[in-house]
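Each remark here refers to the structure printed beneath this line.
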Amino acid sequence: MELKLLAGAALQGLQGAKAAGTAGALGGTAGAAGGSAANFTSALDKALKSVSEAQDSAATLQRQFQMGVESVSLEDTMIAMQKAQIGFQAAMSVRNRLVAAYSDIMNMQV
């Protein structure tokens, strides 16, 4: 749930930056930046969905292990949980860098 809020906030920030760029602040380069922004947005969306799927998978394995399902081992559960945690930490790092870059751009004097 928290990751979905993160993804939504990041995508809204990117769309706002794209709208500001196409408003004429960049002049003739806004059209070229729009294509790369769409690629970046889709890549970011894909990465966040991958992290969300890893978290869902880890939660499912955790529930199955707690319920005593024979086919689910503790090792598999712990590995899935660690993968999900690493992916989430990477997503948070990217979000923090995006927010810092956005803040730097907004603080620039024109």
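Rule-based calculations on the coordinates, nothing more; no lab input. Please read these numbers as outputs of a predicted model, since none were measured by experiment. Counting neighbours? That spans all protein chains shown, and the Cβs are built from the backbone with ideal geometry, glycine included.
By the gyration tensor of its Cα atoms, with a ≥ b ≥ c the square roots of the eigenvalues, what is the shape of segment 30-110: rounded for a/c under 1.5, prolate for a/b over b/c, or oblate? Don't jump to the answer; show the numbers that get you there.
Numbers: a/c = 5.41, a/b = 2.73, b/c = 1.98.
In terms of gyration-tensor shape, prolate.
What does the charge count near Gln89 come to, summing +1 for each Lys or Arg and -1 for each Asp or Glu among other residues with Cβ under 12 Å from its Cβ?
+2
How high is the FRET efficiency between Lys49 and Ser73 when r is their beta carbon distance and R₀ equals 35 Å, given to the nearest 0.05?
After rounding, the FRET efficiency stands at 0.85.
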